[in-house]
Ligand SMILES: O=C(O)CCC(=O)C(=O)O
Ligand SMILES: [Fe+2]
């Protein structure tokens, strides 16, 4: 598969990784700790273009668990059309579920699904998800996580806006796709720790092992299953938390090339 020029803003950015990453050292860190954080993942021009796409050109949808734990998805116009009373009821249901256990509310863009259906044809995130399924990324991921059999990136773009969260879970997803590692590629600049939105690792329910601040052009790989969460983004947060998140797994490769 040849790599196409990536032109989110009429420029000629070609999606590619920073060639200077010390893969061997990063793989050693992952093998030792079960996670690794990698700065400067993409060259600056790619990271900047990606940030512009996420901040300005992505038709974010809303996804959440309702009071029965059912996943609900809304497109922007559907969210906007909800009567105030109904949206307040939904909000209360989300809170009730989150109080008890697993629940979430965030914004997302399903890159694979829209690529398959032809929706938003030509959107730059489609090239991103194709890149995440090309050998440059898959070879890199296989080397970092020390698993040479993973054959797919399942991925989506996410925005955690003020009020968004994802409670504690472990990313296990049955045996069908056999996820080996999660990745979170951050495109968030100048975040303050008080704004929440940290990726947190837990030991059981009680001990916080580690918390990662949203950052720009930094990827976090972690071995799954592992208990983790995205903490509530404060109502006073001054920015959105933008990421490309996904898993390296053994799924059927169904991303059109
Ligand atoms: O955005 C993150 O930091 C993690 C997201 C996550 O855990 C998930 O989508 O399963
Ligand atoms: Fe997760």
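What follows draws every value from the coordinates through simple rules; no lab data is involved. Computed from a prediction, not measured in an experiment: that's the story for all the values here. In this analysis, Cβ positions are derived from the backbone assuming ideal geometry, glycine residues included, and neighbour counts consider all displayed protein chains.
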| request: Convert 10 °C to kelvin, take the viscosity as 1.306 mPa s, use the Kirkwood radius over C-alpha pairs of the stretch 1-153 as Rh, and evaluate the Stokes-Einstein diffusion coefficient in µm²/s, rounded to a whole number. | output: 87
| task | Using a 10 angstrom cutoff on alpha carbons, build the Gaussian network for the chain and name the most mobile of 84, 219, 233. | result | 84
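Given the -39500 (n - 2.57) contribution per DSSP H run of 4+ residues, what per-residue ellipticity at 222 nm results for the chain, rounded to the nearest 500 deg cm²/dmol?
When only DSSP H runs of four or more count, the value is -8500 deg cm²/dmol.
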| request: Report the far tail of the P(r) of the stretch 147-257, meaning the percent of Cα-Cα pairs longer than 16 Å. | output: 61
| query | Hey, how many Å between the Cα centroid of the stretch 53-71 and the Cα centroid of the stretch 128-151? | reply | 26
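Taking Cα pairs under 8 Å and at least six residues apart, what relative contact order does the chain come out at, in percent?
Value for the chain: 23 percent.
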| request: Starting from the Kirkwood radius over alpha-carbon pairs of the stretch 76-128, derive D by Stokes-Einstein at 25 °C in a medium of 0.890 mPa s and give it in µm² s⁻¹. | output: 180
| said: I need the calculated FRET efficiency for the pair residue 24 and residue 177, taking r as the beta carbon distance and R₀ as 22 Å, to the nearest 0.05. | reply: 0.20
| Gyration tensor over alpha-carbon atoms, the stretch 21-249, equivalent ellipsoid semi-axes in Å | 27, 21, 18
| message | For a test of the definition: using alpha carbon positions, the gyration tensor, and the 1.5 limit on a/c, classify the stretch 165-222 as rounded, prolate or oblate. | response | oblate
| request: For residue 81 and residue 113, compute 0.36 nm times the residue count separating them, minus their Cα-Cα distance, and round to one decimal in nm. | output: 9.2 nm
